[in-house]
Amino acid sequence: MELEKVLLSRKSCRAYQDKAVEAEKLEKIITSASLAPLGLPKMCTPMLTLVTDKAILAQLNGIYDAPAVIIVSCPPSPAPGIGDQNAACVVEMMSLMATDLGLGNIYLYGVTVGLQKDTELKAKLGIPENFTPLAALAVGYGVEDVAVCKEFAPKLEITRF
(Lines give C-alpha, C1' and ligand atoms only; values in the text may rest on other atoms or scores of the structure.)
Protein backbone atom coordinates (compact mmCIF):
# COMPACT_ATOMS: atom_id res chain seq x y z
CA MET A 1 0.00 0.00 0.00
CA GLU A 2 1.27 3.49 -0.70
CA LEU A 3 1.89 5.75 2.29
CA GLU A 4 -0.75 8.27 1.20
CA LYS A 5 -3.34 5.51 0.95
CA VAL A 6 -2.40 4.25 4.43
CA LEU A 7 -2.72 7.77 5.84
CA LEU A 8 -6.11 8.24 4.21
CA SER A 9 -7.32 4.81 5.39
CA ARG A 10 -6.27 5.00 9.04
CA LYS A 11 -9.17 5.61 11.36
CA SER A 12 -10.15 4.60 14.88
CA CYS A 13 -11.83 1.20 14.95
CA ARG A 14 -14.26 0.61 17.82
CA ALA A 15 -15.85 -2.69 16.70
CA TYR A 16 -13.90 -5.89 16.05
CA GLN A 17 -14.68 -9.32 14.68
CA ASP A 18 -14.18 -12.27 17.02
CA LYS A 19 -11.12 -13.37 15.06
CA ALA A 20 -7.52 -13.67 16.20
CA VAL A 21 -4.82 -11.69 14.43
CA GLU A 22 -2.15 -13.84 12.81
CA ALA A 23 1.17 -13.96 14.69
CA GLU A 24 3.06 -12.79 11.58
CA LYS A 25 0.97 -9.63 11.39
CA LEU A 26 1.40 -8.92 15.10
CA GLU A 27 5.17 -9.35 14.74
CA LYS A 28 5.24 -6.89 11.83
CA ILE A 29 3.27 -4.36 13.88
CA ILE A 30 5.58 -4.79 16.87
CA THR A 31 8.68 -4.53 14.68
CA SER A 32 7.39 -1.28 13.16
CA ALA A 33 7.52 0.24 16.64
CA SER A 34 11.32 0.08 16.44
CA LEU A 35 11.21 2.55 13.54
CA ALA A 36 9.59 5.30 15.62
CA PRO A 37 11.57 8.47 16.27
CA LEU A 38 12.49 8.58 19.96
CA GLY A 39 13.70 11.34 22.22
CA LEU A 40 16.51 10.37 24.61
CA PRO A 41 16.49 6.77 23.33
CA LYS A 42 19.32 5.63 25.61
CA MET A 43 17.44 6.80 28.70
CA CYS A 44 13.78 6.50 27.72
CA THR A 45 13.35 3.51 25.43
CA PRO A 46 9.78 2.18 25.57
CA MET A 47 8.94 -1.47 26.14
CA LEU A 48 6.00 -3.24 24.56
CA THR A 49 3.59 -5.72 26.10
CA LEU A 50 1.48 -7.75 23.68
CA VAL A 51 -1.75 -9.07 25.17
CA THR A 52 -3.80 -11.67 23.27
CA ASP A 53 -4.92 -13.84 26.19
CA LYS A 54 -8.70 -13.45 26.45
CA ALA A 55 -8.72 -13.67 30.24
CA ILE A 56 -6.21 -10.84 30.54
CA LEU A 57 -7.87 -8.79 27.79
CA ALA A 58 -11.09 -8.99 29.84
CA GLN A 59 -9.28 -7.20 32.69
CA LEU A 60 -8.25 -4.23 30.54
CA ASN A 61 -10.41 -1.09 30.37
CA GLY A 62 -11.96 0.22 27.15
CA ILE A 63 -10.44 -2.05 24.51
CA TYR A 64 -13.60 -2.39 22.38
CA ASP A 65 -13.35 -6.20 22.47
CA ALA A 66 -10.20 -6.13 20.34
CA PRO A 67 -8.40 -9.49 20.10
CA ALA A 68 -4.98 -7.91 20.66
CA VAL A 69 -3.68 -4.96 22.64
CA ILE A 70 -0.12 -3.65 22.62
CA ILE A 71 0.80 -1.60 25.70
CA VAL A 72 3.66 0.91 25.52
CA SER A 73 5.44 1.60 28.81
CA CYS A 74 8.38 3.91 29.48
CA PRO A 75 10.94 4.31 32.23
CA PRO A 76 11.34 7.61 34.07
CA SER A 77 12.91 10.30 31.93
CA PRO A 78 15.14 13.22 32.94
CA ALA A 79 13.15 15.42 30.52
CA PRO A 80 9.45 15.97 31.29
CA GLY A 81 7.08 14.54 28.70
CA ILE A 82 9.61 12.52 26.69
CA GLY A 83 8.06 9.20 27.70
CA ASP A 84 4.61 10.36 26.59
CA GLN A 85 6.00 11.62 23.29
CA ASN A 86 7.95 8.41 22.67
CA ALA A 87 4.90 6.28 23.45
CA ALA A 88 2.79 8.35 21.04
CA CYS A 89 5.34 7.97 18.25
CA VAL A 90 5.54 4.20 18.82
CA VAL A 91 1.75 3.82 18.76
CA GLU A 92 1.47 5.88 15.58
CA MET A 93 4.04 3.70 13.78
CA MET A 94 2.20 0.55 14.88
CA SER A 95 -1.15 2.06 13.89
CA LEU A 96 0.07 2.82 10.38
CA MET A 97 1.50 -0.69 9.99
CA ALA A 98 -1.73 -2.26 11.26
CA THR A 99 -3.69 -0.17 8.74
CA ASP A 100 -1.32 -1.23 5.96
CA LEU A 101 -1.97 -4.87 6.93
CA GLY A 102 -5.73 -4.35 6.66
CA LEU A 103 -6.33 -4.35 10.42
CA GLY A 104 -8.55 -2.04 12.40
CA ASN A 105 -6.89 -0.28 15.32
CA ILE A 106 -7.39 2.45 17.87
CA TYR A 107 -5.06 4.45 20.10
CA LEU A 108 -6.05 3.70 23.71
CA TYR A 109 -5.51 5.84 26.78
CA GLY A 110 -7.92 4.38 29.35
CA VAL A 111 -6.05 1.07 29.44
CA THR A 112 -2.93 2.82 30.67
CA VAL A 113 -4.77 4.82 33.32
CA GLY A 114 -6.21 1.56 34.65
CA LEU A 115 -2.82 -0.17 34.63
CA GLN A 116 -1.17 2.72 36.44
CA LYS A 117 -3.64 2.12 39.29
CA ASP A 118 -3.73 -1.70 39.13
CA THR A 119 -0.17 -2.56 40.14
CA GLU A 120 -1.08 -6.24 40.49
CA LEU A 121 -2.19 -6.53 36.85
CA LYS A 122 0.77 -4.41 35.75
CA ALA A 123 3.12 -6.86 37.51
CA LYS A 124 1.24 -9.84 36.03
CA LEU A 125 1.91 -8.38 32.58
CA GLY A 126 5.63 -8.20 33.33
CA ILE A 127 5.81 -4.42 33.21
CA PRO A 128 8.69 -3.36 35.50
CA GLU A 129 7.73 -1.39 38.58
CA ASN A 130 9.66 1.71 37.46
CA PHE A 131 8.02 1.72 33.98
CA THR A 132 4.76 3.59 33.41
CA PRO A 133 2.16 2.39 30.90
CA LEU A 134 1.60 5.50 28.76
CA ALA A 135 -0.22 4.39 25.61
CA ALA A 136 -1.73 1.34 23.98
CA LEU A 137 -3.02 0.17 20.62
CA ALA A 138 -5.95 -2.17 20.13
CA VAL A 139 -5.63 -4.24 16.95
CA GLY A 140 -7.90 -6.65 15.13
CA TYR A 141 -10.12 -7.30 12.17
CA GLY A 142 -12.66 -4.53 12.23
CA VAL A 143 -16.34 -5.07 11.60
CA GLU A 144 -15.81 -2.61 8.72
CA ASP A 145 -13.00 -3.20 6.22
CA VAL A 146 -10.07 -0.82 6.15
CA ALA A 147 -10.70 1.53 3.23
CA VAL A 148 -9.83 5.03 2.10
CA CYS A 149 -12.11 7.19 4.20
CA LYS A 150 -10.60 10.66 4.06
CA GLU A 151 -9.50 13.23 1.55
CA PHE A 152 -5.95 14.52 1.42
CA ALA A 153 -6.57 18.06 2.61
CA PRO A 154 -5.34 20.15 5.56
CA LYS A 155 -7.77 20.25 8.47
CA LEU A 156 -5.62 21.79 11.16
CA GLU A 157 -5.06 25.49 11.53
CA ILE A 158 -1.78 26.51 9.94
CA THR A 159 0.15 29.68 10.65
CA ARG A 160 2.81 30.53 8.07
CA PHE A 161 5.61 33.04 8.31
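Table for the structure above
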| item | result |
| --- | --- |
| Those residues of segment 141-161 which are exposed (fewer than 10 other Cβ atoms within 10 Å of the Cβ), modelled with pLDDT of 80 or more and charged (D, E, K, R), in sequence order | 157, 160 |
| Candidate set from segment 72-121 (those that are touching a Cys at 6+ places or on another chain (Cβ under 7 Å) and of a type in the set (Val, Ile, Thr)); member that is farthest from residue 40 (Cα to Cα) | 106 |
| Pairs with Cβ under 8 Å, 6+ apart, first in segment 2-17 and at pLDDT below 90, second among the aromatic types (Phe, Trp, Tyr) | 4/152; 7/152; 8/152 |
| Filter result for residue 40 (over 29 Å from residue 14 (Cβ atoms), touching a residue at least 24 places away in the same chain (Cβ under 8 Å) and outside any strand (DSSP E or B)) | yes |
| Lone qualifier among 26, 57, 7 - being more than 14 Å from the chain's Cα centre (by Cα), among the hydrophobic types (A, V, I, L, M, F, W, C) and over 22 Å from residue 123 (Cβ atoms) | 7 |
| Residue 96, sole failed condition from (1) surrounded by fewer than 13 Cβ atoms within 10 Å (Cβ to Cβ); (2) part of a helix (DSSP H, G or I); (3) among the hydrophobic types (A, V, I, L, M, F, W, C) | (1) |
| Which numbered condition residue 89 fails, given (1) closer than 17 Å to residue 133 by Cβ; (2) surrounded by 14 or more Cβ atoms within 10 Å (Cβ to Cβ); (3) in contact with a helix residue (DSSP H, G or I) (Cβ under 8 Å, 6 or more places away or on another chain) | (3) |
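Conditions (1) within 26 Å of residue 128 (Cα to Cα); (2) touching a Leu at 6+ places or on another chain (Cβ under 9 Å); (3) buried (at least 17 other Cβ atoms within 10 Å of the Cβ), marked per residue:
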| site | (1), (2), (3) |
| --- | --- |
| 10 | no, yes, yes |
| 16 | no, no, yes |
| 26 | yes, yes, yes |
| 31 | yes, no, no |
| 35 | yes, no, no |
| 46 | yes, yes, yes |
| 54 | yes, no, no |
| 60 | yes, yes, yes |
| 71 | yes, yes, yes |
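Listed here are the residues, each with its yes/no results for (1) without any contact (Cβ under 8 Å) to a residue 12 or more places away in the chain; (2) of a type in the set (Val, Ile, Thr); (3) within 19 Å of residue 127 (Cβ to Cβ); (4) touching a Phe, Trp or Tyr at 6+ places or on another chain (Cβ under 7 Å).
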position	(1), (2), (3), (4)
33	no, no, yes, no
51	no, yes, yes, no
64	no, no, no, yes
79	no, no, no, no
83	no, no, yes, no
94	no, no, yes, no
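The values are calculated or read from the model by the stated rules, or taken from the named source; none is laboratory data. Note that the structure is predicted; figures quoted are calculated from it, not measured. Cβ sites come from the backbone with ideal geometry, for glycine too, and all protein chains shown count toward neighbours.
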